[in-house]
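All remarks here apply to the structure that follows.
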4 protein chains.
Amino acid sequence: MNRQYFITEHRIQLYDTDAAGRLFFAQLFRLAHDAYEDFMERLGFPLARLIAEGELLLPLIHAEADYLRPLHHGEHVRLSLTIAELRQRSFAVAYRVHTPDGTLAATARTVHVQIRPDGSPGPGLPAGLRAALGDYREADA
Amino acid sequence: MNRQYFITEHRIQLYDTDAAGRLFFAQLFRLAHDAYEDFMERLGFPLARLIAEGELLLPLIHAEADYLRPLHHGEHVRLSLTIAELRQRSFAVAYRVHTPDGTLAATARTVHVQIRPDGSPGPGLPAGLRAALGDYREADA
Amino acid sequence: MNRQYFITEHRIQLYDTDAAGRLFFAQLFRLAHDAYEDFMERLGFPLARLIAEGELLLPLIHAEADYLRPLHHGEHVRLSLTIAELRQRSFAVAYRVHTPDGTLAATARTVHVQIRPDGSPGPGLPAGLRAALGDYREADA
Amino acid sequence: MNRQYFITEHRIQLYDTDAAGRLFFAQLFRLAHDAYEDFMERLGFPLARLIAEGELLLPLIHAEADYLRPLHHGEHVRLSLTIAELRQRSFAVAYRVHTPDGTLAATARTVHVQIRPDGSPGPGLPAGLRAALGDYREADA
């Protein structure tokens, strides 16, 4: 009922493209991670602080993307971020990239899991983070 | 019976890592694409020529990766490439990244589909490419 | 008298940093080029259009940077862009990166020269571009 | 008399290029840093160990490059590295990039300075490093 999207806007930069004249596929993950960094900062869990303090470690264990139509240099795209899965110690973030005319050009997903500094499973996501993520959960997640 | 692996070696470069001290996830796709470019050049289908000539267009439509253990700056890794799927107009490439002690640190997969310059489905992979890819097909592919 | 600065704001992203915990030096050029793309778009000469149309070619022939203090993940920086030199067929762009407390953390410069499609010297910068660049010229340029 | 060059070979990768069909300028610094990492490893001072141990800190304080002719996807280039300056606490590395026909396509330079962990000037380069660097000094350096 209360589903929110986190929206960011990006221009496809010259260095995002390659000699085939299109977004180089791995750069989509740059866009996605930009949005994820913005998102976590908005939620009050900026990655820079998490990494520096080392208390809440959320390494990325999976990433995937589908490329539906080519993106070109200079295109302004809108990226919407939602939480696709929310578990005890992990969550999945879904990204959808639209061009200005509303066409879905690409989707991506990253999965983050909480660990302890020694690499063993973490104690469970902090309640504050869980609640914040929950606000962006997809309807069917 | 005749299964081949295409092997490349890489050192995790300083710019591949991030302030968390590990390989930044999207850089795994750089390693994978390096290997893919080497592979296609070995097969006699160098990407630079394909892109310049525009006759055989094989855009990447899907990418995914799993991160099993962290990779650090300066580590020498071995990447093995196989063909995981081989269809009429598309193929999937599988990448497995091992550290020197034989630990599997990451896997990735990219899917490439043949299109015509107008974006419509291509006429089918050339026989020479199909045969060359077939030599690297996984046992169960 | 009428000197203008073109200002952009950036956050140092995780992928900009390296395992030494700082901005990887080459990423400063990414920030600079982001600002340059914004600047040229503002001036009415978006790079994507220039490249696609091929009428006004302004390749970069020189780049340099000085790193005065380390920049870290998550820092919000302000980049000011000015025109350091303006000649018949070339111009130099100067970039100054400040941290929020006003410390100058880095400077950079890129030089762009007009060429014809065959690589020979161009006919001279268009009057509209020259005038627009002139508005951002440094006092002593 | 005893001047040595440190040579590395590279292929311009798809992700090094941009929609203008050429090497994106900042990627030259990637090539240069690849060569620098190889060089320091060869000299017995691998960057990964220096950074991890924190005893010998050699941050880059200056970088510059000149682009003499465009480099394209798939080109195989040869990079030669020499020491352009060698001082008490700093050194400059010069890079020259040639295409297979012997054309000089680009040059670059990076300057590294020794600091203490608190950022103050270092005590002077270790004798072993100084001697090793000296073997690659340019004739007029």
Distances from B:R69 to the same position in the other copies: list them in nm, one decimal, shortest first, using label points 7 Å from Cα along Cα→Cβ. 4.0, 4.5, 4.7
What list of ³J(HN,Hα) couplings, whole Hz, do you get for region A:82-91 from phi and the Karplus terms 6.51, -1.76, 1.60, once you set θ to phi - 60° and write x for glycine and proline? 9, 9, 8, 8, 9, 10, 4, 10, 8, 8
Quick calc, D:L56 & B:R116: beta-carbon distance into FRET formula, R0 56 Å, rounding 0.05, result 0.50
If one compares the long axis through the Cα atoms of helix B:25-42 with the longest principal axis of the Cα atoms of chain B, the angle in degrees, nearest 10, works out at 50 degrees
Listed with the fewest Cβ neighbours within 10 Å leading, C:I83, A:I61 appear as A:I61, C:I83
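How would you order B:46-55, B:105-114 from highest to lowest mean count of nearby Cβ atoms within 10 Å?
Per-residue Cβ counts within 10 Å, averaged per peptide and sorted highest first, yield B:105-114, B:46-55.
When DSSP beta bridges are limited to those with both residues in the protein assembly as shown, what percentage is antiparallel, rounded to the nearest 5?
Percentage antiparallel, nearest 5: 95.
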Per residue of D:103-114, how many C-beta atoms from partner chains lie within 10 Å of its own C-beta, taken as a mean? 1
Rough spin-label spacing in nm, given labels placed 7 Å along Cα→Cβ, for B:E9 and B:R49: 2.7 nm
Based only on other Cβ atoms within 10 Å, what is the fewest-to-most ordering of D:S80, C:S120? C:S120, D:S80
222 nm [θ] for the protein assembly as shown, helices only, -39500 (n - 2.57) per DSSP H run of 4+, per residue, to 500? -7000 deg cm²/dmol
How large is the dipole of the protein assembly as shown about the Cα centre if only Lys and Arg carry +1 and Asp and Glu carry -1, each at its Cβ, rounded to the nearest 20 debye? 0 debye
Where rotation carries A onto C, the chain A residue whose Cβ is nearest that axis, in whole Å: A:R30, 5
For C:L43, label point 7 Å along C-beta direction: distances to other copies, nm: 3.9, 4.1, 4.4
Inter-copy label distances at A:R116 (7 Å, Cα→Cβ; nm, one decimal): 3.8, 6.1, 7.2
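Quote the relative contact order of chain B in percent (integer), defining contacts as alpha-carbon pairs under 8 Å separated by 6+ residues. Don't jump to the answer; show the numbers that get you there.
Numbers: 263 pairs, mean separation 42.2, N = 141.
It rounds to 30 percent for chain B.
Each reported figure results from applying straightforward, stated rules to the coordinates on display, with no laboratory input. Predicted, not measured: the structure shown is a model, and the values here were computed from it. Heads up, the Cβs are rebuilt from the backbone with ideal geometry, glycines too, and the neighbour counts pull from every protein chain shown.
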